[in-house]
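Student: Before I ask anything, here is the structure I am working with.
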Amino acid sequence: MNQPAKKLYIETMGCQMNVLDSELVAGQLRHAGYETAQDIAEADVVLVNTCSVRGHAEDKALSRLGQFKKPKHQNKDLVVGVMGCMAERDPDGIIAKMPHVDLICGPGELHKIPAMIDEIVDSRQRSIALASSLSRKSTLLERATQYDSVEALDLARDPDPDENVLQAYVRVQRGCDKFCTFCVVPFTRGPERSRPPQQIVDEVKMLVDRGAREITLLGQTVNSYLHQEDDLPVSFGELLARVDAVPGLERLRFVTSYPGDWTTDVFEAMRDLPTVCEYLHLPVQSGSDAVLKRMRRQYTVAQFDELVHQAREIVPGITLATDLIVGFCGETDAEYNETVALVERSNFKNIFCFKYSERPATVAEKRLPDDVSDEIKRHRNNDLLAVQQRISVDHNQAMIGQEFEVLVTGYSKSALKAQEAEQSRGEETGWRRSDQLVGRTRGDQIVVFNGKPEQIGELMPIKVTGATALTLFGESALSTNSVKSPSLPVIG
Ligand code: SF4
């Protein structure tokens, strides 16, 4: 008699890199015979993919792992694992606080997870795989060698045939060499390494063959991509051109860019290559030169302003977003006000704003006092978000009346809720709130409109009829079926 398939439950926290890593690990385990569990109650293996960028993210991961104590107690065969940046950064802390964890695997060792699980099941001993606790003093060769084995994970990618791949991430680069003083990424993900361009192009072709219409290239500083091919350098602009040429690809995006390494040819690629979307996420972190210097960001505010200017000069209709940290070590009121001024003049579509959170082993933790009070950090965070809220509303309302190409990605959140309610009431006919769809413009704006299920996965012309700070509302330019805004409480 056949054994029932083992089941995997995987939870992902943090950035797009983690989303991709989780997909790749799940793919490897699917090949090893695992099925996906919808619930922890039916799982044989539970994995949490963690983030270390802020203390809050690590607290959240620990709290989640704490919830697996009881299931582990009830079922000794359950394998509980931690993967990702927190596993690499603090394995001893995880074991001390969560002794029921069986598996700890850093982001550079994820290809080992299937073998680690087998080992745990056989030996009932904990298994740990880390690239090592590398310091900045390790040579680049030492660091690169210790992190390089993970390439196997991307090369073995094989999406679930039962899942519709509409949008997909493709890694082009691993790690980071910038050592911004606040950041743990160079310690958890190792040095910057760019994948060979042909591997990337082949992966994109495979995903397009499986139905992907939009690809997002991922790197910690994606525009720093550089690979030597037959002794000739392949730049990020050249890589975009090669991926753009993949037959059948409709849209190409990339995150995250580093302002200090920006080159004009990438703007030209955004303007000239048909698939490359007119959206740029360019983290500035602060509007003060003094703060940027303490963060060891390798550009000035004037250089960033010039990039924003060039973006709008060269790429018609481009939308911009940024990341900002408030309350970084020593940030004065005057320095914070310079950040407000930068946000006021940049007309971002949206910002991702965070209170500074000191991270162990970073230069800031060792050398710069975390001396801005929590109250001031909270106040600046709320204040900056309020400034951007006003700008986002103006930015989005200026789009009313215009028509945009939208990639329809699914039902809106409120439609999904309405569908559940309709099903529980047994409703089947007539116009339903559950016919409300969501999609994204090339400029990465969320658009909600009334449509038909068969339009999911399509590129559609949508005319914008209303806007809030986060969402555009529209109607199909092929019909008159509009969603009136802002009466529907929808965020994508
Ligand atoms: S560029 Fe700076 S903030 Fe970004 S990943 Fe590298 S070290 Fe971290």
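The values are calculated or read from the model by the stated rules, or taken from the named source; none is laboratory data. Please read these numbers as outputs of a predicted model, since none were measured by experiment. Ideal geometry is used to build each Cβ from the backbone, glycine not excepted, and the neighbour counts take in all protein chains shown. Note: areas computed on protein heavy atoms with side chains; ligands, DNA, RNA excluded. Shrake-Rupley method; radii C 1.70, N 1.55, O 1.52, S 1.80 Å.
Student: Among Arg242, Arg253, which is under 19 Å from the mean Cα position of the chain (by Cα) and modelled with pLDDT of 95 or more? Working first, answer last.
Tutor: Details: Arg242 fails: under 19 Å from the mean Cα position of the chain (by Cα).
Going through Arg242, Arg253 in turn, just one is under 19 Å from the mean Cα position of the chain (by Cα) and modelled with pLDDT of 95 or more: Arg253.
Student: Can you find even one residue in the stretch 314-321 that is open to solvent by 30 Å² or more (accessible area, probe 1.4 Å) and within 16 Å of the ligand (Cβ to nearest atom)? Full working, then the answer.
Tutor: Here is the first cut: in the stretch 314-321, the ones open to solvent by 30 Å² or more (accessible area, probe 1.4 Å) are 314, 316-317.
From what's left, within 16 Å of the ligand (Cβ to nearest atom): none.
Scanning the stretch 314-321 turns up no residue that is open to solvent by 30 Å² or more (accessible area, probe 1.4 Å) and within 16 Å of the ligand (Cβ to nearest atom).
Student: While we're on this one: I'd like to check something: does the stretch 395-410 contain any residue that is of a type outside the set (Asp, Glu), modelled with pLDDT under 95 and open to solvent by less than 80 Å² (accessible area, probe 1.4 Å)?
Tutor: Just the residues of the stretch 395-410 that are of a type outside the set (Asp, Glu), to begin with: 395-402, 404, 406-410.
Checking which are modelled with pLDDT under 95 leaves us with 410.
Within this subset, residues satisfying the condition of being open to solvent by less than 80 Å² (accessible area, probe 1.4 Å) are 410.
Yes, the stretch 395-410 contains at least one residue that is of a type outside the set (Asp, Glu), modelled with pLDDT under 95 and open to solvent by less than 80 Å² (accessible area, probe 1.4 Å).
Student: Looking at (1) surrounded by 15 or more Cβ atoms within 10 Å (Cβ to Cβ); (2) in the same structural domain as Tyr279 (by TED's automatic domain parsing); (3) closer than 20 Å to Leu472 by Cβ, can you tell me which one Lys355 breaks?
Tutor: The one condition Lys355 does not meet is (3).
Student: In addition: Taking the stretch 154-194, which residues are at pLDDT 90 or above and in contact with a His (Cβ under 8 Å, 6 or more places away or on another chain)?
Tutor: Of everything in the stretch 154-194, just one residue is at pLDDT 90 or above and in contact with a His (Cβ under 8 Å, 6 or more places away or on another chain), namely Ser194.
Student: Continuing with the same structure: Give the number of residues within the stretch 349-372 that are hydrophobic (A, V, I, L, M, F, W, C) and out of contact with any helix residue (DSSP H, G or I) (no Cβ under 7 Å at 6 or more places or on another chain). Before you say what the answer is, go through the steps one by one.
Tutor: The initial filter retains those residues of the stretch 349-372 that are hydrophobic (A, V, I, L, M, F, W, C), namely 351-354, 361, 363-364, 368, 372.
Then keep just the ones that are out of contact with any helix residue (DSSP H, G or I) (no Cβ under 7 Å at 6 or more places or on another chain); that gives 352, 354, 363-364, 372.
Final tally of qualifying residues: 5.
Student: Further, regarding this structure: Considering only residues that are β-branched (Val, Ile, Thr) and modelled with pLDDT under 90, look in the stretch 465-492 and name the one that is nearest to the chain's Cα centre (by Cα). Talk me through it step by step, then tell me what you get.
Tutor: Step one: filter the stretch 465-492 for residues β-branched (Val, Ile, Thr), giving 465, 468, 471, 480, 483, 490-491.
Checking the rest, the ones that are also modelled with pLDDT under 90 come to 480, 483, 490-491.
Numbers: Thr480: 35, Val483: 29, Val490: 22, Ile491: 18 Å.
Once the filter is applied, the top-ranked residue is Ile491.
Each row is one residue, and each column tells you yes or no for (1) modelled with pLDDT under 95; (2) outside the structural domain of Arg124 (by TED's automatic domain parsing); (3) more than 18 Å from Gln125 (Cα to Cα); (4) not in a helix (DSSP H, G or I).
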| position | (1), (2), (3), (4) |
| --- | --- |
| Ser63 | no, no, yes, no |
| Lys76 | yes, no, no, yes |
| Met83 | no, no, no, yes |
| Ala96 | no, no, no, no |
| Pro99 | no, no, no, yes |
| Ile104 | no, no, no, yes |
| Gly108 | yes, no, yes, yes |
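Student: Sticking with this one: So is Ile351 within 16 Å of the ligand (Cβ to nearest atom) and modelled with pLDDT of 95 or more or not?
Tutor: Values: within 16 Å of the ligand (Cβ to nearest atom): yes; modelled with pLDDT of 95 or more: yes.
Here the answer is yes, as Ile351 does meet what is asked.
Student: I'm trying to understand the selection: among the residues of the stretch 446-456, which are open to solvent by 10 Å² or more (accessible area, probe 1.4 Å) and within 25 Å of the chain's Cα centre (by Cα)?
Tutor: Correct list: Ile446, Ile456.
Every residue, every condition in (1) within 10 Å of the ligand (Cβ to nearest atom); (2) more than 28 Å from Leu459 (Cβ to Cβ); (3) buried (at least 17 other Cβ atoms within 10 Å of the Cβ), yes or no:
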residue: Glu163; (1), (2), (3): no, no, no
residue: Cys176; (1), (2), (3): yes, yes, yes
residue: Arg189; (1), (2), (3): yes, yes, yes
residue: Arg210; (1), (2), (3): no, no, no
residue: Glu214; (1), (2), (3): no, no, yes
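Student: Is there a residue being assigned to a helix (DSSP H, G or I) and either assigned by TED's automatic domain parsing to the domain that holds Ile376 or in contact (Cβ under 8 Å) with a residue 24 or more places away in the chain (or both) anywhere in the stretch 321-331? Spell out the reasoning first.
Tutor: Going through the stretch 321-331, the residues assigned to a helix (DSSP H, G or I) turn out to be none.
Checking the stretch 321-331: not a single residue is assigned to a helix (DSSP H, G or I) and either assigned by TED's automatic domain parsing to the domain that holds Ile376 or in contact (Cβ under 8 Å) with a residue 24 or more places away in the chain (or both).
Student: Ser235 passes all but one of (1) among the small types (Gly, Ala, Ser); (2) modelled with pLDDT of 95 or more; (3) within 16 Å of the ligand (Cβ to nearest atom); which number fails?
Tutor: Ser235 satisfies all of (1) among the small types (Gly, Ala, Ser); (2) modelled with pLDDT of 95 or more; (3) within 16 Å of the ligand (Cβ to nearest atom) except (3).
Student: Right, next: Could you say which residue among Asp265, Asp272, Asp261, Asp289 is within 12 Å of the ligand (Cβ to nearest atom), surrounded by fewer than 18 Cβ atoms within 10 Å (Cβ to Cβ), modelled with pLDDT of 95 or more and assigned by TED's automatic domain parsing to the domain that holds Cys183?
Tutor: Working: Asp265 fails: within 12 Å of the ligand (Cβ to nearest atom); Asp272 fails: within 12 Å of the ligand (Cβ to nearest atom); Asp289 fails: within 12 Å of the ligand (Cβ to nearest atom).
Unique residue meeting the criteria: Asp261.
Student: Kindly list the number of the only condition in (1) closer than 24 Å to Pro360 by Cβ; (2) modelled with pLDDT of 95 or more; (3) among the acidic types (Asp, Glu) that fails for Glu142.
Tutor: Condition (2) is where Glu142 drops out.
Student: So, one more: Go over the candidates Ala212, Ala241 one by one and state the one that is among the small types (Gly, Ala, Ser), outside any loop (DSSP other than H, G, I, E, B) and not assigned by TED's automatic domain parsing to the domain that holds Arg442. Give the derivation first.
Tutor: Numbers: Ala212 fails: outside any loop (DSSP other than H, G, I, E, B).
Every option except Ala241 fails the conditions.
Student: Restricting attention to the stretch 276-286, which residues are away from the ligand (no atom under 15 Å from the Cβ), open to solvent by 10 Å² or more (accessible area, probe 1.4 Å) and in contact with a helix residue (DSSP H, G or I) (Cβ under 7 Å, 6 or more places away or on another chain)? Break it down stepwise before answering.
Tutor: At the first step, the residues of the stretch 276-286 found to be away from the ligand (no atom under 15 Å from the Cβ) are 276-280.
The next check asks that each one be open to solvent by 10 Å² or more (accessible area, probe 1.4 Å); those that pass are 278-279.
Across the stretch 276-286, the qualifying residue is only Glu278.
Student: Go through the stretch 1-18 and report how many residues are in contact with a Ser or Thr (Cβ under 6 Å, 6 or more places away or on another chain) and at pLDDT below 95.
Tutor: Residues in the stretch 1-18 being in contact with a Ser or Thr (Cβ under 6 Å, 6 or more places away or on another chain) and at pLDDT below 95: 0 in total.
Each row is one residue, and each column tells you yes or no for (1) within 15 Å of the ligand (Cβ to nearest atom); (2) free of Cβ contacts under 8 Å to residues at least 24 places away in the same chain; (3) over 19 Å from the mean Cα position of the chain (by Cα).
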| residue | (1), (2), (3) |
| --- | --- |
| Leu155 | no, no, yes |
| Tyr169 | no, no, no |
| Phe179 | yes, no, yes |
| Val185 | yes, no, no |
| Glu192 | yes, no, no |
| Gln199 | no, no, yes |
| Lys205 | no, no, yes |
| Glu229 | no, no, yes |
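Student: Run down Ser224, Ser235 and say which single residue is in contact with a helix residue (DSSP H, G or I) (Cβ under 6 Å, 6 or more places away or on another chain), more than 26 Å from Pro159 (Cβ to Cβ) and open to solvent by 10 Å² or more (accessible area, probe 1.4 Å).
Tutor: Details: Ser235 fails: in contact with a helix residue (DSSP H, G or I) (Cβ under 6 Å, 6 or more places away or on another chain).
On inspection, the qualifying residue turns out to be Ser224.
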